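The values are calculated or read from the model by the stated rules, or taken from the named source; none is laboratory data. Nothing here was measured: the structure is a model prediction, and the numbers come from that model. Cβ coordinates were reconstructed from backbone atoms using ideal geometry, including for glycine residues, and neighbour counts include every protein chain displayed. Only protein heavy atoms, including side chains, enter the accessible area calculation; ligands, DNA and RNA are left aside. Shrake-Rupley method; radii C 1.70, N 1.55, O 1.52, S 1.80 Å.
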Amino acid sequence: MTRLVRRQGWVAGLLVLFVVLLVITRLIQPGYGSGDFGSLVRAVLPYAFAVAAQTIVVIAGGIDLSVGAMMALTSVTAASMMDGASEEYALFVVPFVLAMGLVLGAVNGMLIVVTRVPDIVVTLATLFVLQGAALLVLGAPGGAVAEWLRATIIGTVPIPGLPGISAWIPKALVLLVVCLCIIWIPLKRSKLGLSIYAIGSSELAAFRSGVPVARTKIIAYALSGLFGAMGGLALTMSTGIGAPIPGPYLLASVAAVVLGGVALGGGKGGLLGPIVAVFVLRLVRTDLTLLAIDPNVTAIIEGAIMVAVVMFGAFITMRGRQ
Amino acid sequence: MSISAIQPVPFGRRLKRFMADRPLIPLIILLVMLVVILQVLRPGIVNERWLANTVKFAIPLAILAGCQTMTMLTGGIDLSVGTVATMSAFIMATQVVNHDPAVAILIALVPAVLIGLVNGIGVGVFRVHPLIMTLGTSLIGTGCLQVYQRTVIASGAKIPPFLAWLGTGLTYGVPNALLLFVPIAVLIVFTLNRTGFGRLLYAVGDNEGAARLSGVRYWQVITALYVISSVLAGITGLLYIGLIKAPSLSLAEPLVLPSVAAAVIGGTSIFGGRGGYTGTIIGALILTVLTTLLTILQMPEGARRILFGLIVLFVTAAYLRIIEDR
């Protein structure tokens, strides 16, 4: 038990922080209820997928600067394909866009492996490419989304007999958990997942132990692309349109990954920490808005929190090592 | 081994080895090629005025890329340069309304020093990853700037004539900005190649543990480095506002990612320990000419970005092949 706490200490701390923040929210705004929680989850949804995309690449020892651009491209593709199309057509659009993300992510990985250019430079270049492609698909925000897709993230999951609890389980949360678990849990338990941690920890050691480094890296980036595409779809689903200029998803994803206890060097951490971290970050923003604080001051506070927490984390690891 | 060795080396190998020994040559060839393509596409465009314009727009990029080069030599990166440049430009333009230009410039450089100090302490003392640290401080800086903007909205902004002269003026066809850039460039090259501080940067980036064991005070080197980088970024902001002449809250932001690209194209390793500033300058020139080229082709904005990304990737990959293949 103590070992579990020590290993998951960071995540547990984040969860406590989240609960404390919820209590604070309740104190600030006594009327804060299930409906507000639902809108928080809907706002978090695209961020959470961006964070998942970043997490998997960072664990593999890389970094993906093209997350935001990937989301923009998949979002505008989905929105422009569904524009004026029938409801059933969306059944085809969703897998298509997900496959597109997977392929584009794999291309990212292949470029890194083949050219031997550092990850940060390759994904910087693909950031420009994907952003350009998004602008070509849709020059200005527009498009549409199928009604049933919108409905999948609005409202709550009905549990018969327990209306009190079911009000606190928004559909968006279920969608998020399902999408993440379907990919993450089998991955974490497979040889592939171990290989991803191995190449992040030490590429040379992994290579010498017989891990196919190039293939693992490509798969890690492909999965990141898949999460990115989910993020793009989530974006289209929640706004109803596609926007070719991405929001601040890159910065938010890197921040949440670090806050979530994933080392930027790679090989450490899990998916749960970053996801909780992104909830914490969004809730802080909600609280600051509820306190009627100037949104610009909010940006300062967010940045300060990010820097302070990361410094604190680094300080703790330093003390632990001595 | 002289060239007249008994075993005749094939010409291709010899050429490659020659280029690997002098990494600047392939870069210069690429730059000349781009200019030639430009001239072929639009005959007569390459003239004195075009040259002066290109240099004028390359200089801010080259100074920011100098910040990246120095931080990248230690294995870091400074993504706050865009925010710092914007802050100093905006603060100068609004303070100059009430103050003497010299005082306004001094006031404008204070946040630059502060941000550099915070970056340096975060990276050097607390060992935060430079990417996170500089992203975080740039977020804070942008927020502060937005709040600040609210307080000066009534007073308006203006650009002191001598900054406009420095940014856009020409003397005998030579951009005045070179007056600022040449000393900075010489100073950076001299610092990196001939001073103890420069050696320490290479040493820290090459092998931090070894540098530490040889008695290098890591945190002092890093703190000094990030402060220098921020001050340079602040000066760039002052120069850039003289060139653009329209203060805005995202003035220098579009230069950040190209500045990283310029340093990488110039042959500085993002993992530290290898590279230099002369390559970076040529990298900045290449990117500027490339932007002109893509603008002249009159492509849609999307296609231009795609090509820009692809070319940056291709050039970096090709260049790494050339210098690594020894």
Over the protein assembly as shown, how many percent of alpha carbon pairs lie in each 20 Å bin up to the one with the longest distance?
17, 52, 28, 3, 0
In sequence order, calculated HN-Hα J values of the range B:79-86 (Karplus, 6.51, -1.76, 1.60; Hz; x Gly/Pro):
8, 8, 4, x, 5, 4, 4, 4
Using a 1.4 Å probe and ignoring any ligands, DNA or RNA, find the accessible area of B:His99 and quote it in Å² to the nearest 10.
80 Å²
Check A:Thr156: other-chain or 5+ apart residues with amide H under 5 Å from its amide H, H built from backbone geometry?
A:Lys171
State the percentage of accessible surface on the range B:281-326 attributable to carbon and sulfur atoms; use a 1.4 Å probe and exclude ligands, DNA and RNA.
67 percent
Farthest towards the positive end of the dipole of the protein assembly as shown, among A:Val177, B:Ala102, B:Ile153 and with Cβ unit charges of +1 on Lys and Arg and -1 on Asp and Glu, lies the Cα of A:Val177
Residues whose built amide H sits under 5 Å from the amide H of B:Val174, excluding neighbours closer than 5 in sequence, are none
In the full protein assembly as shown, how much of A:Met81 is accessible to a 1.4 Å probe, in Å² to the nearest 10?
40 Å²
Cut-off under 19 Å on the C-alpha distance; same-chain residues fewer than 8 positions from B:Lys16 excluded. Which aspartates and glutamates are left, in chain and number order?
B:Glu324, B:Asp325
Averaged over all directions, how much area does the convex hull of the C-alpha atoms of the range A:49-252 cover when projected, in nm²?
12.4 nm²
Heavy atoms only, probe 1.4 Å: what % of the accessible area of the range A:49-252 goes to carbon and sulfur, would you let me know?
72 percent
Using alpha-carbon positions, the gyration tensor of the range B:178-326 gives root eigenvalues a ≥ b ≥ c; with a/c under 1.5 called rounded, otherwise prolate if a/b exceeds b/c, else oblate, the class is oblate
Just how much of A:Met230 is accessible, in Å², when a 1.4 Å probe is used and the result is rounded to the nearest 10?
30 Å²
Which sequence of A:Asp119, B:Asp206, B:Asp100 reflects their accessible areas, 1.4 Å probe, from the largest down?
B:Asp206, B:Asp100, A:Asp119
Quick one: dipole size for the range B:50-324, taken about the Cα centre, charges +1 on Lys/Arg Cβ and -1 on Asp/Glu Cβ, in debye to the nearest 20.
80 debye
Under the rule of -39500 (n - 2.57) per DSSP H run of 4 or more residues, summed and divided by the residues of chain B, what mean residue ellipticity at 222 nm is obtained, to the nearest 500 deg cm²/dmol?
-24500 deg cm²/dmol
Could you let me know the centre-to-centre spacing of the range A:265-292 and the range A:1-74, using Cα atoms, in angstrom?
4 Å
Descending accessible area (1.4 Å probe), largest on the left, turns B:Val118, B:Val231, A:Val257 into B:Val118, B:Val231, A:Val257
Excluding residues fewer than 8 positions from A:Lys217 in its own chain, the lysines with Cα under 25 Å of it are A:Lys188, A:Lys191, A:Lys268
Computed over the protein assembly as shown, protein heavy atoms only, probe 1.4 angstrom, the accessible area per residue in square angstrom equals 44 Å²
How big is the A/B interface in buried accessible area, both sides summed, 1.4 Å probe, to the nearest 100 Å²?
3500 Å²
Could you put B:Glu48, B:Glu301, A:Glu147 in order of accessible surface area, largest first, with the 1.4 Å probe and the full protein assembly present?
B:Glu48, A:Glu147, B:Glu301
